[in-house]
C-alpha cells in the first residue's frame with residue numbers, strides 16, 4: 001500500500017520506503033514549509049515511511065502583505 | 001535520529017543549527033533562545049510593562065506563551081479587523097486569543113475596528129484609495145496605529161510582535177530587491193521610541209524560524225488560527241518566503257545567515273544615516289496625537305471616517 005500524505009485538503013500518494021524528505025520533494029512540497037505528524041507524533045525528515053502510513057502535513061508559512069515591507073515608524 | 005541533549009527520539013531536526021531535539025528539550029530550547037535574543041538586543045526587562053500584539057496565529061500566541069513561561073509581565077492586544085472571507089476569520093482568531101488568555105489567566109485587550117471606526121478593514125479598503133485591490137495596506141496602517149495607541153494609553157513600555165525569522169528575511173529580501181533605503185535603515189530587532197508619541201517595539205522571535213515556532217505551538221498544545229487570512233492569497237510575503245525556502249532547502253542556514261549578515265553590516269555602518277530620503281520632521285497629529293510626517297492629520301486619521309460618521313452604524 002502506498003504512503004499517503006495529507007496537506008490541508010489535498011491528498012498525495014507516494015511509494016513506501018523513502019524518507020519523509022524525499023516524499024515531500026517528490027510531491028513538490030518544500031520541507032521547510034511543513035511539519036509532519038505520523039500516528040499523532042511529530043517526525044523528522046529522515047524517517048523512512050512504510051506501507052500504508054498516513055502522514056498529516058501542517059503548513060507553517062503565514063503572512064500576507066503586498067508592498068512597503070516594514071514599518072514606517 | 002536522537003535528541004542532541006538526551007537519548008530520546010528527536011521530533012524536530014533543525015538543519016540550520018545542526019540540532020535535533022526531542023519534545024521536552026525543544027520546548028525548553030525555544031524559550032532559551034528567545035531569552036537570549038531579548039537580552040542580546042536589550043529588548044526589555046522584567047521591570048518593563050510588555051504588550052504583546054496577538055492575532056490568534058501561531059507566532060503571536062507562541063510568543064505570549066514563551067514570555068509567560070519566562071516570567072515577563074505581558075498583556076495581550078487583539079485587534080478585530082472584521083475580516084470574514086467566508087471563514088469567520090476574525091471571529092475565530094479572537095476566540096482563540098481569548099481562550100489562550102483565559103487558560104493562563106492573562107489579560108487580553110480587544111479592540112474592534114468596526115466599533116471604534118465604523119467600518120471593518122475590508123470596508124475601509126474598498127472605500128479608500130489606499131486599499132486598491134487588497135486590504136493589506138489598510139490593515140497594516142490600522143494595526144500599527146491601534147497597537148501604538150493602546151500601548152500608550154495603557155502605559156506599556158514596550159510593544160512586542162511575533163515576527164519570526166522568515167518574516168524578517170522576506171521583508172529584507174523585498175526591501176533589497178527594490179532597494180528601499182528607508183525600510184532597510186529601519187529594520188532591526190528593536191525600534192526605539194525615538195519620537196514623542198511612539199512606543200518601543202521589539203521582535204523577540206526575529207531569529208527563530210517559522211517552522212520552529214509552528215512546532216512550538218503544536219508541541220505545546222496551543223490552539224491557533226491555522227487558516228491563512230483570506231486576503232493573503234498571492235501576497236508578496238508568501239511568495240518571497242517560498243523562494244527563500246527553496247534556497248534554504250539547498251543551503252541550510254541561508255535565511256538566518258542572510259538576516260544576521262544584514263544586521264552585522266548595519267552595525268558596521270553599511271547604510272549612511274542620511275540614506276533615507278523619507279526622513280523628515282515629525283509633528284503630532286491633531287486628531288489622534290500620534291507622530292506623523294504628513295501635514296495635518298496622520299495617514300490613519302485621514303483614512304478613517306470622521307468620528308460622527310463612525311458612530312452612526
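Just so it is clear, none of the values below were taken in a lab; they were calculated from the coordinates. Keep in mind that what you see is a predicted model, and the values were worked out from it rather than measured. We place every Cβ from the backbone using ideal geometry, glycine too, and count neighbours over all the protein chains shown.
Annotations
- Prolate/oblate/rounded call for the range B:1-89, Cα gyration tensor, a/c under 1.5 rounded: oblate
- Value of Rg to Rh for the range B:84-234, rounded to two decimals, is 0.95; Kirkwood radius and Rg both from alpha-carbon coordinates.
- Calculated on the alpha-carbon coordinates, the convex hull of the range B:31-73 measures out at 67 cubic angstrom per residue.
- Directionally averaged projected area (convex hull, Cα atoms, the range B:106-186), nm²: 7.4 nm²
- 14 Å cut-off, amide nitrogen to a point 7 angstrom out along residue B:155 Cα→Cβ, residues in the range B:46-65: B:48-50
- The simple Förster model, with R0 at 51 Å and r as the Cβ-Cβ distance, assigns residue B:8 and residue B:127 a FRET efficiency of 0.35.
- Extension gain, residue B:227 to residue B:284, is 16.7 nm, computed as 0.36 nm per intervening residue step minus the present C-alpha separation.
- Semi-axes of the equivalent ellipsoid of the range B:36-154 are 28, 16, 13 Å, computed as sqrt(5λ) over the eigenvalues of the C-alpha gyration tensor in descending order.
- Taking a ≥ b ≥ c as the square roots of the eigenvalues of the alpha-carbon gyration tensor, the range A:25-65 is classed prolate because a/c is 1.5 or more and a/b outweighs b/c.
- D_trans [Stokes-Einstein, Kirkwood Rh over alpha-carbon pairs] for the protein assembly as shown, 20 °C, 1.002 mPa s, µm² s⁻¹: 97 µm²/s
- DSSP bridge pairs, the range B:14-119: antiparallel proportion in percent, nearest 5: 10 percent
- Cα gyration tensor shape of the range B:153-242, rounded if a/c is under 1.5, else prolate or oblate by comparing a/b with b/c: oblate
- Per-pair calculated FRET efficiency, R0 = 30 Å: residue B:46 and residue B:110 via Cβ, rounded to 0.05: 0.70
- Spin-label pair residue A:50/residue B:246, simplified geometry with 7 Å Cα→Cβ offset, distance in nm: 3.7 nm
- The slack in the chain from residue B:70 to residue B:302, taken as 0.36 nm per residue of separation less the alpha-carbon distance, amounts to 79.5 nm.
- Cα-based equivalent ellipsoid of chain B: semi-axis lengths in Å, sorted from largest, via gyration tensor: 32, 24, 20
- Distance between modelled label sites at residue B:24 and residue A:26, nm, 7 Å Cα→Cβ extension: 3.5 nm
- Label point 7 Å beyond Cα of residue B:92 along Cβ direction - residues of the range B:135-156 with amide nitrogen under 12 Å: none
- Partner chain coverage, peptide B:12-23 - average Cβ within 10 angstrom: 2
- Projected label points at residue B:265 and residue B:17, each 7 Å from Cα along the beta carbon direction, are separated by 2.6 nanometres.
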